[in-house]
């Protein structure tokens, strides 16, 4: 039952619904953020992990395009705004602690800023 309440399949959503959902989350990481795990909607491949503040989550939910908070730049950014490698958000899940989200996306181009499909290209074991 809880899973149904926090599985979002209708992205983009209206602003009121997006704010209502964003207000339920616990922005406790790194001084005011949630963790966003990004996964390919078709293959399940983990593409990247990033931080979101409330504004980034609301923009993601209302536009259908992934937005994040850049700790290094200290600003909100839309994935692909410079590279053109956008993420179209298809599904959103909230974890049991309400401090992380899982975005299932259609990735256009590369997710990694180093030019790899996934940020998880450095195999260290197995």
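The values are calculated or read from the model by the stated rules, or taken from the named source; none is laboratory data. Computed from a prediction, not measured in an experiment: that's the story for all the values here. FYI the Cβ positions are ideal-geometry reconstructions off the backbone, even for glycines, and counts take in every protein chain you see.
For the reader, a short list of remarks on this structure follows.
- Screening residue 62 against (1) assigned to a loop (DSSP other than H, G, I, E, B); (2) touching a helix residue (DSSP H, G or I) at 6+ places or on another chain (Cβ under 7 Å) leaves a single unmet condition, (1).
- Across segment 16-33, a minimum of one residue is classified as in a strand (DSSP E or B), closer than 27 Å to residue 109 by Cα and modelled with pLDDT of 95 or more.
- Some residue of segment 105-126 being under 12 Å from residue 11 (Cβ atoms), at pLDDT 95 or above and touching a helix residue (DSSP H, G or I) at 6+ places or on another chain (Cβ under 9 Å): no
- Flag for residue 101 being over 16 Å from residue 11 (Cα atoms), assigned to a strand (DSSP E or B), touching a residue at least 24 places away in the same chain (Cβ under 8 Å) and in contact with a strand residue (DSSP E or B) (Cβ under 7 Å, 6 or more places away or on another chain): no
- Filter result for residue 80 (at pLDDT 95 or above, out of contact with any helix residue (DSSP H, G or I) (no Cβ under 9 Å at 6 or more places or on another chain) and either outside any strand (DSSP E or B) or exposed (fewer than 13 other Cβ atoms within 10 Å of the Cβ) (or both)): no
- Filtered residues of segment 85-108 (kept if surrounded by fewer than 14 Cβ atoms within 10 Å (Cβ to Cβ) and farther than 15 Å from residue 36 by Cβ): 96, 106
- Any chance residue 13 is farther than 22 Å from residue 112 by Cα and in contact (Cβ under 8 Å) with a residue 24 or more places away in the chain: yes
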